[in-house]
Amino acid sequence: MNGKEVKVVIQKTVFSSDLLKNQNRLSMPMKRVETHDFLTENEKRHLDNKKEIVVPLLGPRLQMHHEPMVLTIWQMVSSRNYVLKTNWNGFVDRNEEDLKLHSLIQVWSFRMEEQLCFAIVCLEGDDDGPNDDAAAINV
């Protein structure tokens, strides 16, 4: 895919709220994000101005999801979250063998011709922080 600037954004456990059909989103709490430099300065300003970024999403079986996601920031009562939304339910349905309640996942960012993209990698084990044994994706 000729991906570049590959970075781990977050490692997290999939919670029931990430799988609820009426939520249709994956929440990534900013305080748990490994790095914020997956965004360009322009993208950061865009999101801070309550705008959204359309992003392709690569699934855990290395297939690009045919419907793009939308990245946005949600301000919660006590935290801010990056959120992948819009077509999340379809992504979960197509990857239900991997994305289950309490699954440990990593969300990676990468760029294809300057376009911000994401990939979801499923891991085994408990969510106890960064997993040095996890194999990096090759995009």
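The values are calculated or read from the model by the stated rules, or taken from the named source; none is laboratory data. These numbers come from a predicted model, not from an experiment. Positions of Cβ are generated from backbone atoms using ideal geometry, with glycine treated the same way; all protein chains shown enter the neighbour counts.
Below are the figures for this structure:
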item	result
LEU39, sole failed condition from (1) closer than 14 Å to PHE118 by Cα; (2) surrounded by fewer than 16 Cβ atoms within 10 Å (Cβ to Cβ); (3) hydrophobic (A, V, I, L, M, F, W, C)	(2)
Selection within region 75-97 - aliphatic (A, V, I, L, M), under 21 Å from PRO60 (Cβ atoms) and outside any strand (DSSP E or B)	VAL92
Residues satisfying the stated conditions in region 74-116, i.e. within 13 Å of MET28 (Cα to Cα) and surrounded by fewer than 18 Cβ atoms within 10 Å (Cβ to Cβ)	TRP74, GLN75, MET76, SER79, ARG80, LYS85
Unmet criterion (only one of (1) modelled with pLDDT under 95; (2) buried (at least 17 other Cβ atoms within 10 Å of the Cβ); (3) under 25 Å from ASP93 (Cβ atoms); (4) of a type outside the set (Gly, Ala, Ser)) for VAL33	(3)
Within region 1-74, strands (runs of 3 or more DSSP E) holding 1 or more residues that are out of contact with any Phe, Trp or Tyr (no Cβ under 9 Å at 6 or more places or on another chain)	4-13, 53-55
So ILE105, is it in a strand (DSSP E or B) and touching a Cys at 6+ places or on another chain (Cβ under 8 Å)	yes
